[in-house]
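The values are calculated or read from the model by the stated rules, or taken from the named source; none is laboratory data. None of the values given here were measured: they were computed from a predicted structure. Glycine gets a Cβ as well: all are built from the backbone with ideal geometry, and neighbour counts include every protein chain shown. In case anyone asks, the SASA skips ligands and DNA or RNA and just uses the protein heavy atoms, side chains included. Shrake-Rupley method; radii C 1.70, N 1.55, O 1.52, S 1.80 Å.
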Amino acid sequence: DDETLVIFTSDHGIGLHRAKQSIYSAGLQIPFLVAGPGVVSGRRLRTPISHLDIAPTFTDLIGMPKLPSHSGKSLVPLFTADSDTIPGRSTMLTACHRYYNARSVTDGKYYYVRNITKPAGTLANPALALNTDQYQGGSPWFNRTYDATLGAAGSIGRDLLIQTVTGVGLPDEELFDLDQDLWCVNNIIDEPAHAATLVHLRQEMSEWRTTTEDYNTDSSELVRRTNRCQPPTGPPSGNPTDTFDGK
């Protein structure tokens, strides 16, 4: 007991529309609890973290340098009461790219979304935009709310479902306050009170996408970079020497 670090976490995303395999917080938030020697208990932190942080945390604990392939950061600084943040990180980039391409950046409170490409399904054939367990019956994860949401004429839920499936009405950018709106329903991107936050998170996303070589927004290039199995479609804008074949 006094030599073992325990991490409790999970896979991502409950099998509901606008959750599993979507860009919104319900599809990307995970439980993450840590207990063990040197970990101060009873603290709940806002700082964004990722499963990518687990490996460098373990290597840090055993005194081993982080490997070049580790893109996360060690969580060890969070284990004591000395810090509520990870040095060098104030936000986290998240992504989805199976049915459409979107990126988001969060600081733990505000959640900024960039919809690069949009879903292209139909209400008659949502399979073009949703995994089947998000709209069909079938054990174990089937969506028990899809039909009812679709039938709720005039509701915000139905409007958001149509956006999720067809892309119709889906904004290019979205901003949500997770403290007030955990399910990302109320897009506050046009509210003047959040203008400074929007500027900051746009810049954070730009820096993240440069760092991760995700700055070419052509849809075929995004697919190629996801699969890592096709030759480049051409050099990325702004850096003609980079063929995306590094790192």
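Some points to look at:
- If you check VAL168, VAL113 for being in contact with a Ser or Thr (Cβ under 8 Å, 6 or more places away or on another chain), modelled with pLDDT of 90 or more and not acidic (Asp, Glu), only one passes: VAL113.
- Residue tally, condition over 19 Å from ILE30 (Cα atoms), assigned to a strand (DSSP E or B) and open to solvent by 40 Å² or more (accessible area, probe 1.4 Å), over the range 94-138: 1
- Filtered residue count, the range 139-158, keeping only those that are open to solvent by less than 40 Å² (accessible area, probe 1.4 Å) and part of a loop (DSSP other than H, G, I, E, B): 3
- Filter result for GLY72 (under 20 Å from the mean Cα position of the chain (by Cα) and part of a loop (DSSP other than H, G, I, E, B)): yes
- Annotation note: of ILE23, ILE30, ILE14, the sole residue that is under 18 Å from THR94 (Cα atoms), open to solvent by 60 Å² or more (accessible area, probe 1.4 Å) and either assigned to a helix (DSSP H, G or I) or among the hydrophobic types (A, V, I, L, M, F, W, C) (or both) is ILE14.
- Total residues in the range 164-200, condition among the aromatic types (Phe, Trp, Tyr) and open to solvent by less than 50 Å² (accessible area, probe 1.4 Å): 1
- Members of the range 33-47 found to be in a loop (DSSP other than H, G, I, E, B) and surrounded by 13 or more Cβ atoms within 10 Å (Cβ to Cβ), listed by number: GLY36, VAL39, LEU45, THR47
- Scanning the range 74-89 for residues that are open to solvent by 70 Å² or more (accessible area, probe 1.4 Å) and over 12 Å from LEU45 (Cβ atoms) turns up ASP82, PRO87, GLY88.
- Entry remark, the range 1-11: residues being open to solvent by 70 Å² or more (accessible area, probe 1.4 Å) and more than 14 Å from the chain's Cα centre (by Cα) number 6 in total.
- Residues within the range 11-42 that are on the phi < 0 side of the Ramachandran plot, of a type outside the set (A, V, I, L, M) and in contact (Cβ under 8 Å) with a residue 40 or more places away in the chain, tallied: 7
- For the criterion of being closer than 30 Å to HIS200 by Cα, open to solvent by 20 Å² or more (accessible area, probe 1.4 Å), among the aliphatic types (A, V, I, L, M) and touching a Ser or Thr at 6+ places or on another chain (Cβ under 9 Å), LEU161 fails.
- Restricting attention to the range 50-69, the residues that are farther than 22 Å from GLY108 by Cβ, β-branched (Val, Ile, Thr) and outside any loop (DSSP other than H, G, I, E, B) total 1.
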